[in-house]
Amino acid sequence: MSIPIRSPRDFCAGLIFLFFGVLAAYIARDYPMGSAVRMGPGYFPYILGILLALLGVVICLKGLVFHGERIESASLRAVAGARRSRSLCRDD
């Protein structure tokens, strides 16, 4: 059974949000949390990571339910131009 992805752009964006949210919450768990009244250094990044992951889930579900735009392939000329402009701006 396959699940149809109706908006690949939203679905992929949601996966990116979900990945970075889970990563932030995972990294923040090593810091002292504290409490809601007396927050530690890990409280804010942990809550922010959880909210980012929840936003990613909502966007993924939106990509499964509503129709949207497809992901276009990047042209090789545009990628090469971006690399060239980046190398020209380097201060080596």
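The values are calculated or read from the model by the stated rules, or taken from the named source; none is laboratory data. As the structure is a computational prediction, the values presented were derived from the model and not from experiment. Neighbour counts are summed over all protein chains in view; Cβ atoms, including those assigned to glycine, are modelled from backbone coordinates with ideal geometry.
Could you tell me whether segment 49-58 includes any residue that is outside any helix (DSSP H, G or I) and either at pLDDT 90 or above or loosely packed, with under 13 Cβ neighbours inside 10 Å (or both)? Break it down stepwise before answering.
So in segment 49-58, the residues outside any helix (DSSP H, G or I) come out as none.
The answer is no, given that none of the residues of segment 49-58 is outside any helix (DSSP H, G or I) and either at pLDDT 90 or above or loosely packed, with under 13 Cβ neighbours inside 10 Å (or both).
Is one or more of the residues making up segment 23-32 closer than 30 Å to R70 by Cβ and either of a type in the set (G, A, S) or surrounded by 15 or more Cβ atoms within 10 Å (Cβ to Cβ) (or both)? For segment 23-32, residues closer than 30 Å to R70 by Cβ and either of a type in the set (G, A, S) or surrounded by 15 or more Cβ atoms within 10 Å (Cβ to Cβ) (or both): present. In the set (1) at pLDDT 90 or above; (2) loosely packed, with under 11 Cβ neighbours inside 10 Å, S87 fails one condition alone, (1). Among the residues making up segment 1-22, those that are more than 10 Å from the chain's Cα centre (by Cα) and either among the small types (G, A, S) or more than 11 Å from I59 (Cβ to Cβ) (or both) are M1, S2, I3, P4, I5, R6, S7, P8.
Among the residues of segment 1-47, the ones that are part of a loop (DSSP other than H, G, I, E, B) and of a type outside the set (G, A, S) come to 13 in all.
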